[in-house]
Amino acid sequence: MPNHGDWQLGIYLAGLEGVRPELPMDFRELARRAEEVMSPEIWSYVAGGAGDEATQDANVRAFGRYGVMPRMLTGAAQRDLGVEILGHSLPTPLMFAPVGVIGLCAADGHGDLATARAASATGVPMIASTLTQDPLEDVAAALGETPGWLQLYPPNDRELTESLVRRAEAAGYTAIVITLDTLTLGWRPRDLTLASFPQLKGLCLATYFSDPVFRSRLEATPEDDPEAATGLWAMIFGNQSLTWDDLSWFRSLTTLPVLLKGICSPDDARRAVDAGVDGIYCSNHGGRQANGGLPALDCLADVVDAAGDLPVVFDSGVRSGPDVLKALALGATAVAIGRPYAYALAVGGQAGIEHVVRCLLAELDLTMAIDGYATLAELTRDAIRQVPAG
């Protein structure tokens with residue numbers, strides 16, 4: 001099997017013929033070009049964070065506080081990036097994090113399907129948001145043989161929640177990810193300045209509008225009265241109240257693995273283990289929900305220790321291959337990306353997503369090669385050190 005880093009050789013060889021990559025090779029340029037092509041409203045939603053965005057920025061800076069310890073003469077000429085998670089053997093540790101407006105990041109308004117097709121092409125699993133431009137069944141069908149998980153914002157309607165879970169099972173999703181840190185919306189000045197919240201325009205609600213239980217709550221169909229349907233969604237989405245006592249009910253809905261997203265406290269991770277969940281998702285929503293919090297990366301090691309044998313997925317602030325490596329070394333089983341693929345979709349469509357995956361995997365692979373780590377199992381906490389403040 002070729003190493004992922006070998007991809008760069010093709011770029012250099014093409015350069016001998018005067019051919020340069022059309023898509024950006026680094027995150028900063030990717031973000032710049034995405035801002036050029038996105039509408040102000042979608043750019044604000046995707047790029048923005050809560051408050052003054054200090055937590056969002058801290059997520060990114062946190063990776064710089066760790067450095068990789070290079071090891072020489074380890075025989076790392078061939079690297080294996082494969083991982084096992086929830087009964088699946090995956091070729092790489094990457095996943096696509098749920099992005100609630102990913103559908104709108106594509107020029108044709110079907111970014112959920114483009115992401116699913118990119119997942120199928122790359123083998124990177126997609127965690128599909130409940131907030132989609134296309135129904136969850138259509139997204140699942142585009143995944144092909146690549147596993148897909150459904151991220152669930154639990155509505156304050158138990159019958160609707162059960163319907164969404166049953167649909168996910170029938171569509172072939174292989175896990176349910178319950179997001180816990182969006183029981184109400186965070187304070188987002190960028191979006192407030194534009195007075196823009198896409199879902200209140202009826203966007204990204206196809207999974208809800210196509211649900212039989214949701215439709216049964218309406219006097220007219222969403223097609224005939226989209227304003228009433230959007231209003232109903234707003235009532236069931238916001239101001240949810242969940243407690244640990246609700247987990248047994250969630251667990252009873254499905255035999256699929258259930259993960260909890262938004263866990264940053266080791267105490268919460270231990271309670272999740274005791275509640276019988278199947279995995280932990282350590283994340284602070286990329287700093288989009290609550291400002292003034294800890295960088296998610298600084299919480300990861302303690303969450304991993306508290307999770308015991310359960311797999312831990314991580315996101316928040318991942319921008320590069322070394323970022324992925326550091327999260328893995330702190331104990332993450334898999335690492336999900338959000339903004340990188342959202343920007344790539346806006347810039348280059350499905351091909352853009354596949355491009356950013358190749359960039360991340362090539363940089364991860366080459367970093368492992370140069371620093372002497374042949375497998376992900378070798379990326380223990382001994383593989384990194386904290387960088388002294390200076």
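Carbon-plus-sulfur fraction of the accessible area of the chain, 1.4 Å probe, in percent? In the chain, the share of accessible area belonging to carbon and sulfur is 53 percent.
Among bridges DSSP assigns within the chain, what percent are antiparallel (round to 5)?
If we restrict to bridges inside the chain, about 20 percent are antiparallel.
Sequence-distant or interchain residues sharing an amide H contact under 5 Å with A175, placed H: which? HN-HN under 5 Å from A175: L150. Rolled with a 1.4 Å probe across the full set of protein chains, the surface gives L366 an accessible area near 50 Å².
Springs join every pair of Cα atoms under 10 Å in this Gaussian network model of the chain, and among S129, S120, S89 the largest mean-square fluctuation is at S89.
Only Lys, Arg, Asp and Glu carry charge here, each on its Cβ (+1 for the first two, -1 for the last two); on that basis the chain has a dipole of about 760 debye about its Cα centre.
So if I take the centroid of the Cα atoms in region 151-219 and the same for region 86-124, what is the distance between those two points in Å? Cα centres, region 151-219 to region 86-124: 18 Å.
Taking a ≥ b ≥ c as the square roots of the eigenvalues of the Cα gyration tensor, the chain is classed as prolate, since a/c reaches at least 1.5 and a/b is larger than b/c.
For region 166-224, the square roots of the Cα gyration tensor eigenvalues, ordered a ≥ b ≥ c, give a/c of at least 1.5 with a/b no greater than b/c, which places it in the oblate category.
Taking every protein chain into account, the accessible area of region 234-385 amounts to 34 square angstrom per residue (probe 1.4 Å). Cysteines of the chain lacking any other cysteine Cβ under 4.7 Å from their own Cβ: C105, C204, C282, C359. This model, with +1 at the C-beta of Lys and Arg and -1 at the C-beta of Asp and Glu, gives region 89-194 a dipole about its Cα centre of some 260 debye.
Checking the a/c ratio against 1.5 first, then a/b against b/c, what shape does the Cα gyration tensor give for region 14-108? Judged from the Cα gyration tensor, region 14-108 comes out prolate (a/c at least 1.5, a/b above b/c). Net charge of the neighbourhood of E378, taken over other residues with C-beta under 11 Å away and scored Lys/Arg +1, Asp/Glu -1, is -1. Accessible surface for region 120-161, divided over its residues, is 29 Å² per residue with a 1.4 Å probe. Select from A383, L366, A351 the residue farthest towards the positive end of the dipole of region 350-390; place +1 on Cβ of Lys and Arg, -1 on Cβ of Asp and Glu, and compute about the Cα centre. About the Cα centre, the residue reaching furthest to the positive side is A383.
The values are calculated or read from the model by the stated rules, or taken from the named source; none is laboratory data. Quick caveat: nothing in here was measured; it's all calculated off a predicted structure. Cβ: placed from backbone, ideal geometry, glycine included. Neighbour counts: every protein chain shown. Side chains are part of the model used for accessible areas, which takes the heavy atoms of the whole protein and leaves out ligands, DNA and RNA. Shrake-Rupley method; radii C 1.70, N 1.55, O 1.52, S 1.80 Å.
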